[in-house]
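Contents: one structure, followed by commentary.
The values are calculated or read from the model by the stated rules, or taken from the named source; none is laboratory data. Keep in mind that what you see is a predicted model, and the values were worked out from it rather than measured. Here the Cβ is made from the backbone with ideal geometry for all residues, glycine too, and neighbour counts use every protein chain on show. The protein model used for the area step is the full one, side chains on, heavy atoms only, and it has no ligands, DNA or RNA in it. Shrake-Rupley method; radii C 1.70, N 1.55, O 1.52, S 1.80 Å.
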Amino acid sequence: MLSQISKRYDHNEVEDKIYELWERSGFFNPDNLDVEKDAKSYTIILPPPNITDKLHLGHSAMLAIEDLLVRFHRMKGFRALWVPGTDHAAIATQNVVEKNLLKKGITRQSLGKEKFLEEVWKFLNETQATIQHQMRKMGASMDWSREAFTLDEPRKKAVRKMFVDMYNAGLIYRGYRVVNWCPRCHSTLADDEVEYKEETGKLYWLKYGPFILATSRPETKLGDTAVAVHPDDPRYKDMVGKKFMIPGVLGDFEIIVVADKAVDKDFGSGAIKVTPAHDFADYEIAQRHHIPMKQIIDEDGKMMDNCGKYAGMTTVEAREEIVKDMEKMGLIDHIEENYVHNLATCYRCGTVIEPIPSKQWFVAVDKKIEKLGNKSLKERALEAASKKEIKFIPERFTKRYSDWMTNLHDWCISRQIWFGHDIPVWYKGQEIYVGEVAPKGDEWTQDPDTLDTWFSSGMWTFSTLGWPEDYKDGKKTEDLAKFHPTQVLETGYDILTLWVSRMIIMTIFALDEVPFENVYLHGLVLDKHGKKMSKSKGNGIDPLEMIEKYGTDAVRLSLLLGSTPGNNVRISEEKIENFRNFVTKLWNIYRYFASNPRAKLKDNIEKDDLKSLSDRWIVSELNSLISEVSDDVEKYRFSLAGEKLEKFTWDKFAAWYVEIHKMEKNDIVLGYVFDKILKLWHPFTPFVTEKIFRDFYEDKLLMVEKYPESDKNLINKEAVNEFGALQEAISKIRNIRTSYHIDSKLIINAHSENIKNKEIIEKLVRIKLDNINHEMRTLNIGNINLDITNIIDVQKEIASLEKEIKNMENSIAKTEALLNNDNFIKKADMDIINQTKTRVDEYKEKLRVQRDLVDNLKQL
RNA sequence: GGGUAUUUAGCUCAGCUGGUUAGAGCGCACGGUUCACAUCCGUGAGGUCACUGGUUCGAGUCCAGUAAUACCCACCA
C-alpha cells in the first residue's frame, strides 16, 4: 500500500477534490445531516465580508475559527449550520467603483445613477466570485444553498419591512439636525464612522464685542447666534440673558448670552461663541436655550450665498481670508500657533467632516415603546448583556459594549449615496407615505437617499434565516425557529460597536430575542513586526498565495495556534511554514501506518487489546487528551487545544509509540489511536485528515464521523507513571551518549537484574542488555547498569550528577518545609497535600538513585 | 481627559478556576541520513515571569501602585 502513497503530501492535488466531495455530499446543509430527531442546532452566520475587495488574512482567521467550531459541533451530533454571505458595504463600495472609474476619466455624475449602479454591480459580481472562491479554498464548510447578500431580493424585502415596522412603532423618525457630513462622499456619517486625527493648527483669540474668546474656526463666526458661559462664572454673571451687537467682517450682528453647564470655565476665556448649525456641542446648547440656527456652509463644504464676498470659498480658504480681514479691522487679539487638536475625518475617505444641519432619518434609541415592554432599544440592548443573554469572549468586551451602548445617540440611518437599500418612503408635496411598496399614483416620488449599510447588516442573523416569511404573529417557523438565536457570532473586536451592537438592537426589535448567545472576538492579524498589514506598506500576506505554497491546513493552524481571544496575532511566512511541517509529519505517520498491509483504522478498543505497557500508556494519554481537547474547544480555547493535540501527535505518538510499535506491532492500538487523532484534528486541519480517512473508507466522510468520546476506563495512571519512568531512563542514557560523544552506532553492553521492556530500551538507546553480572565498570541508570569502560569521563559525570543532586535536595527541602507548615496542613485541600506527599517521596527516591550512582562512579 | 489590554527564554507567543523542578515553536550549540519523515531524529544551553508593595500556608496567576507599549472612547471652543 505504501508504494501508492505519495512521499509528499501534495495539498494542491488534494484540497480542491476534497472540497468538492464535501460540497457534493450535501452535508454542509444541516437538513441532510443524519442527526437525532431532538438534536440541538448550532448556528453561525458568517460576518459578511465587504465586496469591496478580496479577502485578507484577517478574514482567513475568521473562517478558520468558525469552520473549526462548525466542524467540531457537526461531528458532535449538532444540527450544524454556517450561513455564508457578503456585504454590499454601501459607501465603501461606491467609493471604490468611483475611484476605478476616475482612472478612466469618468465621474459618477457624468454617468448618472442608473449607469453608475450598473458599473457597481459589474464590479461586485467579480469580487463576490473571488470571495466565494477564497472561502472554498479555506475549507469553509458553509451551507451554500443558504448563501445571502445584504442587498439581494430577500434582504431588500426584509429591510423594507423592518423600516416600516420601526416607523410604525415610532422608532424611526425624520429630523432636521446637525449631522456629520462628508463633503467628498456627499453623505452623512454615523458618529462612530467619524475618525479623529490629531492636527497642529492655530487657535485664534477674537475680540468679540465685550468678550475675548478663542476659536479654531474663525470662519464659523458668520453663523454665530449666541455666546455661552458657565452659569457659575462670576466674570460673566451680569451679562447672561442680555443681547449684544458684535462687530464682524460682514457688519455687526446680534448675539444673546446664555449660561450652560457644557462650557468649561477654565478653558480659554470661559466664554464660547455658539454656532448652532456647524458644531455639535453648539447645536445642543442652542436646543436647550432655543437659540436660532444659521447655516453658512453647504453640502460641498463651501461658504453659502449668505456669506457675502466669502461665498463659494471652501472653509479653509474662507478662514484665511476672514482672519486677514479681521486683522485689518483689529478684531484679532492674538493667534496661538501650534495648537494641537483633533480633527474629525471620514473613515472611508479621510476628508474633513463638516457638521451641517440636514433633514435625515433617525432611529430613536431612547424612546420607550410598548412592544419592548415600555423600554427603549438602548435599555433592552444593555439588559441583554447584563443579564448574560449574550456573553462576550473575552469577557472584558462586555464593558466596552455596555459603555458604548450607554452613550449611544439616535442613529442617523439615511445616506446620500446611490448604492444601497432604497428608503421605503415616498413624498407628495407635504405628504409622506411609508410602506413596503410604492403608493399608487404618479405624483409620489421616492426618498432619493439610501440606508446606512449597517441597517441591513444589523438584520443579518434573521434576514438570512427566513425573516419575515418565517415569522407570523410573533411565532418563529421553519429555519428561523430551528436556527435562531444563533450560538456564536465570531468577529473582529474592531467592529464590536459598529456592527455587533446594531445587530443586537435590530434583532431585539424584530424578534424580541437576542441574535446570538455568544460573541467571540478575535484580534487583528498583524505582520511579524506587529504592524497592520496594508497594501500601501506592501507587508500584506496574501492568503491564496500561502495556501498555494503551504496548503490550507498549515495556514489554518498558523491562525489558530499561538493566540488568545481578543488579542492580536502576528503572522509570518515562517510560522505558516512551520505548521506545514506538522502537516507533513501527520502525513508521514500515515505513510508508516499504511506501510503495513493489515493496517486498519479502529473506532473502538477493548481492554484486552492492550497488550503492553506502551499500549496502556498511549491509550490512557489519548483518552485524557480527548476530554481536555473537547473542553478547550467548547470554552473557545482553540490555541490550547491545538497545542495539546500537536504535542500528543508529535511527541507522544510519533516519537514514542510509533517507534515502539516497530517492535511490538500492536496494529489494533495503532489503528485506534490514529483513528482518534484524525478525528480530533479534523476541525483544525480538515483536508489532510479527510484525505487520509478516505483512503481507508471510500464510502464514508470524516467530516460527519462522530467526534471521539473519552473513555475513563482506559485512563490508567499506573501505566502513565511507569511509562514515564521508562522514558526518563531512556532519556538519561541518550543524554549520556551525547554528552560523552559515544559513537551512535556503538552498542553499549549493559546488564539488569530485573529487565522490563528490554527490547524497547535496547532498540531506542542502542544497548545490549543481559542479566548476567559481568565484572565491569558500570554506570547505574534506574536498574540498568551501563558498561562504560573507557567510554566516559567519570569526573565530569560526577560533577553533573552532583549538580542535579543539589537541585533535588533543594526541592525536597522546600517541599518538606511546606509539609511541616501547620497552616498548609490546616488550610490546603486534602488532594493538594496528598499530591505534595507523593511528590516528596518521588524526589527522595530519585535522590537515592542519584546518590548511589555517584557512589558507584566514585569507586571506578 | 476616561477606559481596556500587553509586558514570561535571543525572537514570536501559550500558561484555563492561585498548588509538581514555568512550557512550545523558531533561532542557537553539539551529534546523527539504508530501516514513515532532513519539511526529519537525538541531546543541550538559555528565564530574579517589567518594577514596588500587599493578600495567602502558597503568587507568573489575585489586589493596589509605578513604568513602558498598543488600542478604544469622548471631544474642549
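If you wrap the tightest convex hull around every Cα atom of chain A and split its volume per residue, you get 253 Å³.
Relative to the dominant Cα principal axis of chain A, helix A:280-289 is inclined by about 50°.
Across the range A:798-860, Cα-Cα pairs farther apart than 16 Å form 50% of the total. Computed over the range A:611-666, the percent of Cα pairs more than 19 Å apart is 33.
Summed over all non-identical Cα pairs, the Kirkwood treatment of the range A:560-599 gives a radius of 12.4 Å.
Within the accessible area of chain A, the carbon and sulfur atoms contribute 48%, probe 1.4 Å, all protein chains present.
The H on the amide N of A:N180, modeled in the peptide plane, is under 5 Å from the matching H of A:L189, each at least 5 residues off or on a different chain. Accessible surface computed residue by residue for chain A, with neighbouring protein chains in place and a 1.4 Å probe, gives 46 Å² per residue.
Less than 5 angstrom separates the built amide H of A:Y42 from those of A:R79, A:A80, A:L81, all sequence-distant by 5 or more or on a different chain. The Cα-based radius of gyration and maximum Cα-Cα distance (Dmax) for the range A:523-679 are 18.4, 64 Å. Its residue count N fixes a reference of 2.2 N^0.38 Å for the range A:500-604, and the Cα radius of gyration divided by that reference is 1.58. On a 0 to 90° scale, report how tilted helix A:397-406 is relative to the longest principal axis of chain A, with both axes built from alpha carbons and the result rounded to the nearest 10. So the inclination is approximately 10 degrees. Report note on the peptides A:124-137, A:659-672, A:189-202: ranked by the mean count of other C-beta atoms within 10 Å, highest first, their order is A:659-672, A:124-137, A:189-202. Max-minus-min Cα coordinates of the range A:223-371 on each principal axis give 61, 42, 31 Å, with the largest extent listed first. Rounded to the nearest 10 degrees, the angle from helix A:794-820 to the longest Cα principal axis of chain A is 60 degrees.
Using a Förster distance of 25 angstrom, determine the FRET efficiency expected from the C-beta separation of A:D609 and A:K717, and round it to 0.05. Efficiency, rounded to the nearest 0.05: 0.80.
Counting every alpha-carbon pair across the range A:432-487, the share separated by more than 17 Å comes to 56%. Using C-alpha pairs under 8 Å with a sequence gap of at least 6, the mean separation divided by the residue count of the range A:455-590 gives a relative contact order of 21 percent.
For the range A:357-449, chymotrypsin sites (Phe, Trp or Tyr not before Pro) meeting the loop criterion (DSSP other than H, G, I, E, B) and having at most 16 other Cβ atoms within 10 Å: A:W444. Under 1.5 on a/c is rounded, so check that first for the range A:1-158, then, if it is not, pick prolate when a/b is larger than b/c and oblate when it is not; a ≥ b ≥ c are the square roots of the alpha carbon gyration tensor eigenvalues. Verdict is oblate for the range A:1-158.
For the range A:647-693, a Kirkwood hydrodynamic radius built from all Cα pairs, placed in the Stokes-Einstein relation at 10 °C and 1.306 mPa s, yields a translational diffusion coefficient of 142 µm²/s. Each semi-axis of the equivalent ellipsoid for the range A:705-860 is √(5λ) with λ an eigenvalue of the Cα gyration tensor; in descending order they amount to 33, 24, 13 Å. Considering the range A:419-537, its Cα convex hull presents a mean projected area of 11.4 nm². Going by Cα centres, the range A:351-390 and the range A:43-66 are how many Å apart? Going from one Cα centre to the other spans 27 Å. Using C-alpha pairs below 8 Å separated by at least 6 residues, the relative contact order for chain A is 13 percent.
A straight line joining the Cα centroids of the range A:129-167 and the range A:722-761 runs 62 Å. Considering only Cα atoms, the convex hull volume of the range A:597-754 works out to 157 Å³ per residue.
Our coupling estimate for the range A:748-756, obtained by passing each phi through the Karplus curve with A = 6.51, B = -1.76, C = 1.60 and θ = phi - 60°, is 8, 6, 8, 9, 8, 6, 9, 7, 10 Hz, Gly and Pro reported as x. Per residue, the average separation of C-alpha pairs within less than 8 Å and at least 6 apart gives the range A:346-389 a relative contact order of 21 percent. The trypsin sites (Lys or Arg not before Pro) of the range A:9-99 that DSSP puts in a loop, and whose beta carbon has at most 12 other beta carbons within 10 Å, are A:K37. Placing pseudo-labels 7 Å out from each Cα toward the beta carbon at A:K532 and A:K54 gives an inter-label distance of 2.2 nm. Given in Å, the Rg to one decimal and the Dmax to the nearest whole number for the Cα atoms of the range A:376-440 are 18.2, 52. Expressed to the nearest 5 percent, the antiparallel share of DSSP beta bridges inside chain A is 70 percent. Restricting the trypsin sites (Lys or Arg not before Pro) of the range A:417-523 to loop positions (DSSP other than H, G, I, E, B) with no more than 16 neighbouring Cβ atoms within 10 Å leaves A:K440. Note on the range A:226-346: antiparallel DSSP beta bridges, both residues inside, total approximately 65 percent of the bridges counted. Just to confirm my numbers, what's the Cα centroid distance between the range A:838-855 and the range A:540-601 in Å? Value for the Cα centre distance between the two parts: 42 Å.
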